[in-house]
Amino acid sequence: MVPDGAGGGVMRFDVLSSPIAGLDEALAVVDAFDSVLTVGLLRPQPAQAGALGELAAALAASPLSALVTEAVDKACAGTADEEHLLVLAAARTALLGAAHDALRDTVDEATGRGTAPSPATAPGEPYAPNLLAAARSWLADLARAGWHGIDHDLVSASAPVVSAMLPDPALRRLALLLDGFAGELAASCPGASLERVPARRWADLWSRAVLLTAPGATGATAVENVTGRLLPLGVDLHEHATAAQAQVHAVLEPSDGSAPRLVRASVSAPKPDSVVGAGIWQLLRPRLSLLAALGEGRAMELTDMPLTAGGDLLWHDDRARPGVSADPFATARVVLPTAVAAPPAPLERHPVRLAEPVFLEGYTAREVDRVPVFALAGHEVAVDTGRLPEAGPLTPKAVVASTACIGLLRWDAGAFVLQPLAVETAVKRQSVAVHAGAWAGGTTDKAGAKGESAAAATVAVLSERAGKLLRK
């Protein structure tokens, strides 16, 4: 909630809790189709045929109607080929895209901000058709077998395709998706013994991969060069056993005086599983100078920095320099309400991709069944403290004690939730800001310094060993 007197508009909690027409019905159709993939399309039963019929009915008024109807008829007869499966994947993706758009419209209404119109896109040139066809063939075999029908022989058939794709940068995105997907499936083999199937996740991965095998599906990414002042809001840290990524959310004030824009800058790095906590910043910091500026509370001055149509900065350190001090909470109060969000790329339109920067204050924080909740004017939004990184000082206790919050508005399990990036809280009657990414540029905090020291020793040992292996 941003009071009018603070320089922004009012964020409406009531909009976030209002039902969205058609959303539940669309997601129910997606769930029904996902249940079909769980059983498999080799010999569809009446229940699967009914679920496929629901998919055709949901797309009846769309430009895909005729193609989906044909694909559904073939699938119900057990004769669907790879092209028909591609259409089914596109139909499922279109439904989730519509759900995303409805949720995005709700966020825009709640925040009072707008989203820039999507630019026109054109298919890219067909590339490596044989490898794409091989990948699509394996994905079709998965759909026919279903998640309950997978085994190690079926899953391992992806290995030659992935190995052939990885050396080619143009195919690496799909190769990594297939490799990670196959790894998850292999860890769950045999599928017949699975008590619980992550149906939505695996169907998401399957659909995305199938669409990426279509010739020219990725297209050329629209990029423009921007100049102006970058005002960081906070950093969202993603951590896995073998990789880490920091995504900085910020507002760009273009030098040409046009409206501020919501943008992101990301950096990723491979990670040994022994590097945890604050030590992760040692892997990411050298790759993105913006992290140091974030830790110091500074803006960045950008000159001709590439920016995609989807709002992602393609970072070049030589096109950025540290600027004046910039308080993220001042940015959130004054500049954020006027910022325009970038439209998502077509294949990024999925409810799980929503991560809209917002600012709230004037709320009452409490816990309900151990889940923090922000309440205001009779309406509530749950706070997802499970996403708080160990590599920062922001804790669930600080969130519950907060009086203001910069966060990412997400949609999860049927409701909007807030992921905190930073909060203002009272310490000895003084207002103190606590940021999830406070240690991004380095820290003197005892816990953070200890983690950095341990990581430095680990990285030094691993680098030495890697050097010896390379010399051999």
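The values are calculated or read from the model by the stated rules, or taken from the named source; none is laboratory data. Quick caveat, the model's predicted, so the values are computed rather than measured. Every residue, glycine as well, gets a Cβ built from its backbone with ideal geometry; the counts of neighbours run over all protein chains shown.
Under 6 Å between Cβ atoms, at least 6 apart or on separate chains: pull out the pairs that start in segment 50-77 with a residue that is touching a residue at least 40 places away in the same chain (Cβ under 8 Å) and end on any residue that is buried (at least 21 other Cβ atoms within 10 Å of the Cβ) and assigned to a loop (DSSP other than H, G, I, E, B).
Listed by first residue and then by second, the contacts come to nothing, as the list is empty.
Can we say P393 is closer than 19 Å to H249 by Cβ and of a type outside the set (S, T, N, Q)?
yes
I'm checking my understanding of the structure. Among residues of segment 286-319 that are over 23 Å from the mean Cα position of the chain (by Cα) and closer than 14 Å to E253 by Cβ, which one is surrounded by the fewest Cβ atoms within 10 Å (Cβ to Cβ)?
Applying the filter and picking the extreme gives T303.
Answer yes or no: is there a residue in segment 105-112 that is in a loop (DSSP other than H, G, I, E, B) and in contact with a Ser or Thr (Cβ under 6 Å, 6 or more places away or on another chain).
No.
Out of (1) modelled with pLDDT of 90 or more; (2) outside any strand (DSSP E or B); (3) surrounded by 15 or more Cβ atoms within 10 Å (Cβ to Cβ), the odd one out for K397 is which?
Result: K397 passes all but (3).
Mind telling me which of the residues D73, D34 ends up being touching a Lys or Arg at 6+ places or on another chain (Cβ under 7 Å), charged (D, E, K, R) and crowded, with 16+ Cβ neighbours inside 10 Å?
D34
Taking segment 76-89, which residues are over 14 Å from L52 (Cβ atoms) and surrounded by fewer than 19 Cβ atoms within 10 Å (Cβ to Cβ)? Lay out the reasoning, then the answer.
Quick first cut of segment 76-89, residues over 14 Å from L52 (Cβ atoms) only: 81-83, 86.
Within segment 76-89, D81, E82, E83 qualify.
For D108, indicate whether it is out of contact with any Leu (no Cβ under 7 Å at 6 or more places or on another chain), over 23 Å from A170 (Cβ atoms) and at pLDDT 95 or above.
no
How many residues does segment 153-212 contain that are part of a loop (DSSP other than H, G, I, E, B) and within 21 Å of the chain's Cα centre (by Cα)?
So the count comes out to 1.
Please give the helices (runs of 4 or more DSSP H) falling wholly within segment 275-375 in which 3 or more residues are among the small types (G, A, S). Even if it seems obvious, please write down each step before you answer.
Working: elements: 280-284, 289-296, 328-334.
Those helices (runs of 4 or more DSSP H) span 289-296.
Please go through segment 172-192 and give me each residue that is at pLDDT below 90 and more than 16 Å from D204 (Cα to Cα), ordered by number.
R172
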